[in-house]
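Before any comments, here is the structure.
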Amino acid sequence: MNRNTSIARRLALGLALATSAISTAHAVDFSGAAAITTDYVWRGTSQSNEDPAVQASFKVASDTGFYAQAWGSSVEFAPDTRASTEVDLVAGWSGALSDTLALDVNLTHYLYPSTTVDLDWTEAIATLTWLEHYWVQVGHSNDALATDTSGTYATIGARLPVSDTFRFETAAGHYWLAGNRGYEDYAHLQVGAVWAFASPLELRLTAHETDSAAERGFGALAGSRIEAALQASF
């Protein structure tokens, strides 16, 4: 058993125990979502080799703010890795700090089952939201992208409602990856529109752009792309 497999099993067990403890000790809320997207884009780069992806998530949250979540997506990396699925196991806390500020802190483990190489890694993430429409997020890992070296990601974003059913979303991010097996620090920008046309369905259209440093590190998986997604929440 390799190191990340052991970590994944401990996190999965911890997630199951946390879910059980949350559901038995406090009032809880269960939620989830399912989506299909034309391209799974993460931090400006395609994780599905520019092909469509299917995604789903399930979350249990306590009235104390603690929560556990599992999120999954189809992926397509280099053929020799045989990676076809990503599963993110998340444990964290979210809550209001004041009338205008909210905080979310979590530990996320990125798990890639049935691969021929070790791609699993873990990241600590904190998100500060102001007035429910503006946010700043920072993520850090000592094993970013499973490279055994550190990486820090930061983004600032905004949700701009136009009506009860339509809004714009934008975010700008920077990933500090210098020294990570040929990767460079890079920046990305995304601008999107979201139309909640029929509850619980919404349609998203997002344009992504990265700088040339991302293209040098990730090749054709970075650069300019447009992603369309249909999502249902429950």
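The values are calculated or read from the model by the stated rules, or taken from the named source; none is laboratory data. This structure is a prediction, so every number in the text was calculated from the model and none was measured. Positions of Cβ are generated from backbone atoms using ideal geometry, with glycine treated the same way; all protein chains shown enter the neighbour counts. Remember, those area values only see protein heavy atoms, side chains included, never the ligands or the DNA or RNA. Shrake-Rupley method; radii C 1.70, N 1.55, O 1.52, S 1.80 Å.
Quick one: in the stretch 105-122, of everything that is open to solvent by 20 Å² or more (accessible area, probe 1.4 Å) and of a type in the set (V, I, T), which residue is farthest from Q47 (Cα to Cα)?
V105
Taking interchain pairs and intrachain pairs at least six residues apart, which have beta carbon atoms under 8 angstrom, with the first residue in the stretch 205-234 and without any contact (Cβ under 8 Å) to a residue 40 or more places away in the chain and the second open to solvent by 50 Å² or more (accessible area, probe 1.4 Å) and part of a helix (DSSP H, G or I)?
G223/E215
Looking only at the stretch 102-122, which residues are in a strand (DSSP E or B) and under 18 Å from L177 (Cβ atoms)?
T108, Y110, W121, T122
Of all residues in the stretch 42-71, how many are open to solvent by less than 20 Å² (accessible area, probe 1.4 Å), closer than 20 Å to A146 by Cα and in a strand (DSSP E or B)?
So the answer is 2.
Filter the stretch 165-185 down to residues that are among the charged types (D, E, K, R) and farther than 15 Å from G219 by Cβ, then give me how many there are.
3
Conditions (1) within 15 Å of the chain's Cα centre (by Cα); (2) in contact (Cβ under 8 Å) with a residue 12 or more places away in the chain, marked per residue:
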site: A78; (1), (2): no, no
site: A83; (1), (2): no, yes
site: V87; (1), (2): yes, yes
site: T108; (1), (2): yes, yes
site: D120; (1), (2): yes, yes
site: A124; (1), (2): yes, yes
site: V138; (1), (2): yes, yes
site: T149; (1), (2): no, yes
site: T155; (1), (2): yes, yes
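Give me a count of the residues in the stretch 180-215 that are in contact with an Asp or Glu (Cβ under 6 Å, 6 or more places away or on another chain) and within 22 Å of T149 (Cβ to Cβ).
Within the stretch 180-215, residues that are in contact with an Asp or Glu (Cβ under 6 Å, 6 or more places away or on another chain) and within 22 Å of T149 (Cβ to Cβ) number 3.
Within the stretch 81-94, is there a residue that is modelled with pLDDT under 95, farther than 27 Å from S224 by Cβ and either small (G, A, S) or surrounded by fewer than 19 Cβ atoms within 10 Å (Cβ to Cβ) (or both)?
yes
Could you say which residue among A193, A187 is of a type in the set (A, V, I, L, M), at pLDDT 95 or above and over 20 Å from I36 (Cβ atoms)?
On the way: A193 fails: over 20 Å from I36 (Cβ atoms).
Only one candidate qualifies: A187.
Counting only residues that are of a type in the set (F, W, Y) and within 20 Å of the chain's Cα centre (by Cα), which one in the stretch 164-182 is farthest from D143 (Cα to Cα)? Spell out how you get there, then give the answer.
First pass over the stretch 164-182, keeping only residues of a type in the set (F, W, Y): 166, 168, 175-176.
After this cut, where a residue has to be within 20 Å of the chain's Cα centre (by Cα) as well, the list is 168, 175-176.
Details: F168: 33, Y175: 14, W176: 13 Å.
Per the criteria, the residue is F168.
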